[in-house]
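Structure record follows, encoded as structure tokens.
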Amino acid sequence: MSRGKSLLSSSLCALLVFAATAASAQDRAKIGFVDTGRLMLEGAPAAAALKKLDGEFSERNKELQAQAARLQSLTERFNRDSALLRDSELAARQREIVSLENTVRRRQEELKEDFARRRSEELAQVSEVTRRVVRQVAEAGNYDLVLESDGVYVGKQVDITDKVIQALANVR
């Protein structure tokens, strides 16, 4: 088991022991669980962030697709006409194709890097909002402990993911 998983397992066990101890000390501890994966897939802030990113990068993506189509057209025309071209014209077209290939490749990489950076920024904001809403739902429901992420088994009585998704729908 990796060190991170081991640490997570140890922390989870400690929390469960704490919850069990607290449950025996009080009437009963109220424990909740949220599936963070579902929150990122189904939550309104995540959907809004993806829509924002699509709008932000759609124009660059269209331009890149147009350049790729132009490159394909030039390459097909070159392959079709190469036997009929003079050496100087053949070399000029090859240079044009290589130059356009390099440009397309460079712009694809720039777009990929820019998108990854912006996606990371947006997901950080979504995560912040989601944590705040989970805390609000937990406080409103008088939960003593709320766990997140994946669980091997989570009963419906402790899964508050749907409540959080509903609360996220009201966040502006």
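The values are calculated or read from the model by the stated rules, or taken from the named source; none is laboratory data. The structure displayed is predicted, hence computed values, not measured ones. Positions of Cβ are generated from backbone atoms using ideal geometry, with glycine treated the same way; all protein chains shown enter the neighbour counts. The accessibility values were calculated without ligands, DNA or RNA, using every heavy atom of the protein model including side chains. Shrake-Rupley method; radii C 1.70, N 1.55, O 1.52, S 1.80 Å.
Here is how the numbers come out for the structure above:
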| item | result |
| --- | --- |
| Every residue from the stretch 68-112 that is modelled with pLDDT of 90 or more and in contact with a Leu (Cβ under 8 Å, 6 or more places away or on another chain) | Arg70, Leu71, Leu74, Glu96, Ile97, Leu100, Glu101, Val104, Arg107, Gln108, Leu111 |
| First in the stretch 149-166 and within 17 Å of Pro45 (Cα to Cα) and polar (S, T, N, Q), second anywhere and open to solvent by less than 40 Å² (accessible area, probe 1.4 Å) and not in a loop (DSSP other than H, G, I, E, B), Cβ under 8 Å, 6 or more apart | Thr161/Phe33; Thr161/Val34; Thr161/Leu39 |
| Tally of residues being under 15 Å from the mean Cα position of the chain (by Cα), free of Cβ contacts under 8 Å to residues at least 60 places away in the same chain and open to solvent by less than 70 Å² (accessible area, probe 1.4 Å) across the stretch 30-64 | 2 |
| Residues within the stretch 147-160 that are closer than 14 Å to Arg131 by Cβ and among the hydroxyl-bearing types (Ser, Thr, Tyr), tallied | 1 |
| In the stretch 86-108, residue surrounded by the most Cβ atoms within 10 Å (Cβ to Cβ) [restricted to those that are touching a residue at least 24 places away in the same chain (Cβ under 8 Å) and under 29 Å from the mean Cα position of the chain (by Cα)] | Val104 |
